[in-house]
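Undergrad: Provided herewith is a single structure, encoded as structure tokens, for subsequent inquiry.
The values are calculated or read from the model by the stated rules, or taken from the named source; none is laboratory data. Model, not experiment: these values are computed from the prediction. Ideal geometry is used to build each Cβ from the backbone, glycine not excepted, and the neighbour counts take in all protein chains shown.
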Number of protein chains: 2
Amino acid sequence: MRMAASGHATQHRFERLVLMATVVQKFGGSSVATAEKIKRAARRAIAARDRGNQVVVVVSARGDTTDELIELAKEITDRPSAREMDQLLATGEQISIALMAMAIHAEGAGAISFTGHQVGMITDSVHTKARIKSVDCERIKKEFAKGNIVIVAGFQGVDANANVTTLGRGGSDTTAVALAAALKLCGSENVVCEIYTDVDGVYTADPRKVPEARKLTEISYEEMLELASLGAGVMHSRSIEFGKKYDIAIHVRSSFSEAEGTLITKEVKSMEGIVVRGAAMTRDLAKVTLRSVPDRPGAAAEIFHQIASANIVVDDIIQNISREGQTDLSFTVALADIEDVIDVANGLTKELGAGAVEIDKNISKVSIVGVGMRSHTGVAQKMFKALADAKINIQMITTSEIKISCIISRDHAEQALRAVHAAFELEKE
Amino acid sequence: MRMAASGHATQHRFERLVLMATVVQKFGGSSVATAEKIKRAARRAIAARDRGNQVVVVVSARGDTTDELIELAKEITDRPSAREMDQLLATGEQISIALMAMAIHAEGAGAISFTGHQVGMITDSVHTKARIKSVDCERIKKEFAKGNIVIVAGFQGVDANANVTTLGRGGSDTTAVALAAALKLCGSENVVCEIYTDVDGVYTADPRKVPEARKLTEISYEEMLELASLGAGVMHSRSIEFGKKYDIAIHVRSSFSEAEGTLITKEVKSMEGIVVRGAAMTRDLAKVTLRSVPDRPGAAAEIFHQIASANIVVDDIIQNISREGQTDLSFTVALADIEDVIDVANGLTKELGAGAVEIDKNISKVSIVGVGMRSHTGVAQKMFKALADAKINIQMITTSEIKISCIISRDHAEQALRAVHAAFELEKE
């Protein structure tokens with residue numbers, strides 16, 4: 001803790017000391033795409049510091065920079081090495097941090113930029129999707145002591161041998177939450193992580209599909225993780241996991257307004273009053289059914305081993321009880337992967353002595369998420385009735401403790417989302 | 001030392017072992033401006049390795065990258081901090097090294113890229129014009145042992161606190177020569193530094209001005225340093241000083257041909273046979289004469305202190321003997337600086353009680369350089385006669401041990417260069 005040199009009386013200074021918090025502000029690529037936007041973000045960081053906070057700013061690569069760098073690599077080779085790709089892509093964030101520091105300086109405030117290496121962001125050596133192992137908060141605290149805003153390159157780190165690594169999709173969010181967690185572990189109090197983005201928070205459903213969708217004031221980590229896995233989240237799963245693990249409140253808000261966004265925070269008792277926090281729809285899925293699979297140990301394992309080996313991510317799996325020593329096995333995958341799946345499935349049926357392979361490329365999934373489901377009954381029934389009332393046939397159902405998903409025809413996907421949203425009155429506070 | 005795995009018989013391997021050298025190849029910005037040029041440079045590095053060498057490749061930022069980064073900074077602020085400017089500009093070389101590594105991989109050879117930090121290029125903390133303090137050759141040698149080509153970002157280093165620094169103009173040349181020197185100090189034998197550029201060597205004069213100018217096979221460090229200070233060198237002074245200090249042969253050659261270029265090397269006895277190695281012309285100069293300066297101790301010091309304080313680099317200074325306690329003091333500066341100089345000079349004359357300030361903006365300088373001057377007489381006379389024969393008036397003369405310069409009117413600058421070139425028959429081997 002430190003106080004900036006000031007003429008305030010002791011009492012006032014003591015108040016500031018008590019109120020002082022540490023704010024990690026993350027600005028995504030679209031929030032730093034132009035000089036004007038960088039300056040706006042700089043002013044926001046300075047405003048947070050002027051309110052008495054210690055401020056860390058995490059930035060992504062500007063706008064299309066990452067795409068342009070990928071394009072440069074493609075001109076050289078179709079199969080760039082992961083290490084060199086990381087070395088290349090990390091420059092995008094390095095450009096952003098330098099420009100952000102310049103913008104803060106231009107407003108008359110102190111700031112210093114750090115690459116992943118300079119801030120001691122140590123990861124494992126898995127290039128393009130590295131995991132953070134440790135963060136050194138000493139250098140940040142030294143700069144806080146000088147009254148500086150600390151700017152850190154998102155998305156990047158270094159492994160134990162100083163090779164540059166990147167954290168994969170949504171990596172800058174992870175950088176921000178990890179820095180917040182590290183500062184908390186180093187003794188900073190009241191640590192908050194603010195994620196500035198081009199939407200102004202997390203909604204009860206995608207507002208482009210459900211116009212009456214409402215911005216949430218708060219959401220639990222668990223609910224946000226489920227929404228993220230449904231592709232509906234504003235943030236990537238790993239950053240939310242970090243927030244959950246270290247209990248860092250994550251405030252998702254707009255770069256372009258002062259309005260409060262959505263606070264992602266730990267589940268508290270009062271949250272259970274809300275049965276369903278939000279609804280989501282995954283549009284482009286395909287369903288694969290393997291008919292008459294011999295019902296013997298290892299059959300399913302073999303099937304999903306082969307699919308995973310082909311780098312295909314399976315969305316949901318459903319296997320009903322068997323009849324006459326055979327079972328029908330269904331699973332869903334992203335529509336984009338279906339041709340690869342067909343190849344694998346055809347090979348599999350021969351190998352296993354299974355029956356026909358049925359493919360349905362016209363599949364979507366509608367889901368509801370809420371921690372209140374744990375303690376409320378009749379939630380699934382209410383969802384099924386809403387779909388039935390809208391004359392939408394449910395093809396498959398999967399559930400988790402805080403989520404219910406229905407596989408339906410894509411023809412009714414948006415209608416189903418709106419019907420479910422209305423049935424649970426998500427538009428109401 | 002190591003041998004790549006191969007099926008060669010022991011004797012053959014021994015020969016290769018004896019012949020093995022370490023080659024540092026530096027490719028400037030124009031040599032890596034496009035994917036095609038990067039691939040060409042990659043093939044050249046592989047060819048050098050295939051000849052049995054250990055190869056380090058140093059690259060600059062691609063084509064206009066540095067200018068584009070400077071432009072980004074300008075959009076933010078007119079006065080970027082030097083530290084953040086270095087943080088920004090260093091990304092240009094980092095992009096180049098990653099692409100170069102990918103290009104070498106694409107050809108099936110092993111390579112790894114290193115930033116200044118990763119290769120242990122430690123400098124002082126003078127941002128934008130840092131000086132190299134040490135290089136860690138261990139990481140390079142480890143990669144040599146794996147059979148890899150090592151690619152290093154030119155122009156950049158880090159200070160003791162891991163802040164990114166840059167080496168200033170011509171910095172990538174300095175990186176290359178410094179790496180060569182470090183490897184030599186670490187025990188590598190037969191270390192050569194090759195500077196690939198868009199000219200094919202060092203000429204007896206600028207071939208654009210003197211069509212009959214001849215490419216030099218070799219030139220001494222001292223001669224090259226003089227030519228560099230005359231603005232005529234292909235390379236920046238600091239890299240040549242490094243080469244001289246550590247006795248690293250520097251081969252300046254074309255990226256676009258296989259022809260031998262010019263070897264910059266230590267002075268040997270046989271070089272003295274060549275009286276004049278080359279001629280150079282500095283076109284855009286201006287001459288300032290302070291009339292009737294009081295001839296007292298400290299007057300000149302005060303004058304040049306004030307000029308240096310205004311960040312003006314003085315080219316040559318000439319003071320004749322004094323008459324009646326007063327002297328006329330003349331000096332030349334780059335034409336671009338003359339308005340600043342006039343301001344300083346007018347203030348000075350008042351302060352010192354000197355006479356008028358005379359300005360001549362129509363000034364050029366023609367020079368000859370050669371270590372043979374030390375042991376030959378009549379060289380100056382021959383130069384003056386050449387100019388006299390061409391009816392060119394000499395306004396001022398300055399000399400060093402291996403250089404003679406004449407200040408003349410810009411109207412005759414090119415004519416003077418050609419006259420001197422011809423008089424010393426520099427076009428002949």
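Undergrad: If the requirement is being touching a residue at least 24 places away in the same chain (Cβ under 8 Å) and surrounded by fewer than 20 Cβ atoms within 10 Å (Cβ to Cβ), which of these qualifies: A:CYS193, A:CYS186?
TA: Of the residues listed, the single one that is touching a residue at least 24 places away in the same chain (Cβ under 8 Å) and surrounded by fewer than 20 Cβ atoms within 10 Å (Cβ to Cβ) is A:CYS186.
Undergrad: Please go through the stretch A:362-391 and pick out each residue that is buried (at least 21 other Cβ atoms within 10 Å of the Cβ) and β-branched (Val, Ile, Thr).
TA: Selection gives A:ILE363, A:VAL366, A:ILE368, A:VAL369, A:VAL371.
Undergrad: Hey, another quick one. I need the full set of residues from the stretch A:15-63 which are without any contact (Cβ under 8 Å) to a residue 24 or more places away in the chain and of a type outside the set (Gly, Ala, Ser), in order please.
TA: Residues satisfying the conditions are A:GLU15, A:LEU17, A:VAL18, A:GLU36, A:ASP50, A:ARG51.
Undergrad: Next up: Return the residue satisfying two criteria in turn: it lies in the stretch B:69-117 and is among the acidic types (Asp, Glu) and facing chain A (nearest Cβ under 9 Å), and of such residues it is surrounded by the fewest Cβ atoms within 10 Å (Cβ to Cβ).
TA: Checked the stretch B:69-117; the qualifying residue surrounded by the fewest Cβ atoms within 10 Å (Cβ to Cβ) is B:ASP78.
Undergrad: If the requirement is being in a loop (DSSP other than H, G, I, E, B) and either among the β-branched types (Val, Ile, Thr) or under 19 Å from B:ASP343 (Cα atoms) (or both), which of these qualifies: B:VAL293, B:VAL275, B:VAL288?
TA: B:VAL275
Undergrad: Could you check B:ALA162 against (1) outside any helix (DSSP H, G or I); (2) more than 8 Å from chain A (Cβ to nearest Cβ) and say which number it fails?
TA: It fails just one condition, (2).
Undergrad: Then there's this: Would it be correct to say that A:ARG208 is over 30 Å from A:LYS428 (Cβ atoms), more than 14 Å from every other protein chain (Cβ to nearest Cβ) and surrounded by fewer than 24 Cβ atoms within 10 Å (Cβ to Cβ)?
TA: Numbers: over 30 Å from A:LYS428 (Cβ atoms): no; more than 14 Å from every other protein chain (Cβ to nearest Cβ): yes; surrounded by fewer than 24 Cβ atoms within 10 Å (Cβ to Cβ): yes.
Taking the combined requirement at face value, the residue does not satisfy it.
Undergrad: Take the stretch A:334-375 and flag every residue that is among the small types (Gly, Ala, Ser), under 26 Å from A:ALA422 (Cα atoms) and in a helix (DSSP H, G or I).
TA: A:GLY372, A:SER375
Undergrad: Can you name the residue in the stretch A:118-127 that is of a type outside the set (Asp, Glu) and surrounded by fewer than 24 Cβ atoms within 10 Å (Cβ to Cβ) and, of all such residues, is farthest from the other protein chains (Cβ to nearest Cβ)?
TA: Step one: of the stretch A:118-127, the residues of a type outside the set (Asp, Glu) are A:118-123, A:125-127.
Next cut, surrounded by fewer than 24 Cβ atoms within 10 Å (Cβ to Cβ) only: A:118, A:120, A:122, A:125-127.
On the way: A:GLN118: 5, A:GLY120: 9, A:ILE122: 13, A:SER125: 13, A:VAL126: 17, A:HIS127: 12 Å.
Per the stated criteria, the residue is A:VAL126.
Undergrad: Just one of (1) surrounded by fewer than 20 Cβ atoms within 10 Å (Cβ to Cβ); (2) out of contact with any helix residue (DSSP H, G or I) (no Cβ under 7 Å at 6 or more places or on another chain); (3) in contact (Cβ under 8 Å) with a residue 60 or more places away in the chain trips up A:VAL199, so point out which.
TA: All conditions pass for A:VAL199, except number (3).
Undergrad: Go through the stretch B:245-265 and give me each residue that's assigned to a loop (DSSP other than H, G, I, E, B), within 18 Å of the chain's Cα centre (by Cα) and surrounded by fewer than 22 Cβ atoms within 10 Å (Cβ to Cβ).
TA: Passing the criteria: B:ASP247, B:SER255.
Undergrad: If the requirement is being of a type outside the set (D, E, K, R) and closer than 27 Å to A:ALA419 by Cβ, which of these qualifies: A:PHE304, A:PHE331? It would help to see each step written out before you state the result.
TA: Values: A:PHE304 fails: closer than 27 Å to A:ALA419 by Cβ.
Result of the check over A:PHE304, A:PHE331: A:PHE331.
Undergrad: Every residue in the stretch B:376-391 that is among the basic types (Lys, Arg) and outside any helix (DSSP H, G or I), please.
TA: Residue satisfying the conditions is B:LYS391 alone.
Undergrad: Across the stretch B:266-280, which residue is farthest from B:ARG374 (Cα to Cα) among those that are surrounded by fewer than 20 Cβ atoms within 10 Å (Cβ to Cβ) and in contact with a Ser or Thr (Cβ under 7 Å, 6 or more places away or on another chain)?
TA: Ranking the candidates gives B:LYS266 first.
Undergrad: Is it the case that the stretch A:338-356 has a residue that's over 27 Å from A:GLY325 (Cα atoms) and in contact (Cβ under 8 Å) with a residue 60 or more places away in the chain?
TA: Checked the stretch A:338-356: no residue is over 27 Å from A:GLY325 (Cα atoms) and in contact (Cβ under 8 Å) with a residue 60 or more places away in the chain.
Undergrad: Follow-up question, since we're still on this one. What residue, among those in the stretch B:134-159 that are under 23 Å from A:ILE112 (Cβ atoms) and touching a Ser or Thr at 6+ places or on another chain (Cβ under 6 Å), is nearest to the other protein chains (Cβ to nearest Cβ)?
TA: Selected residue: B:ALA153.
Undergrad: Applying the selection to the stretch A:400-429, what residues are farther than 14 Å from A:ALA280 by Cα and hydroxyl-bearing (Ser, Thr, Tyr)?
TA: A:SER400, A:SER409, listed by residue number.
Undergrad: Can you name the residue in the stretch A:165-206 that is part of a loop (DSSP other than H, G, I, E, B) and charged (D, E, K, R) and, of all such residues, is modelled with the highest pLDDT?
TA: The qualifying residue modelled with the highest pLDDT is A:ASP206.
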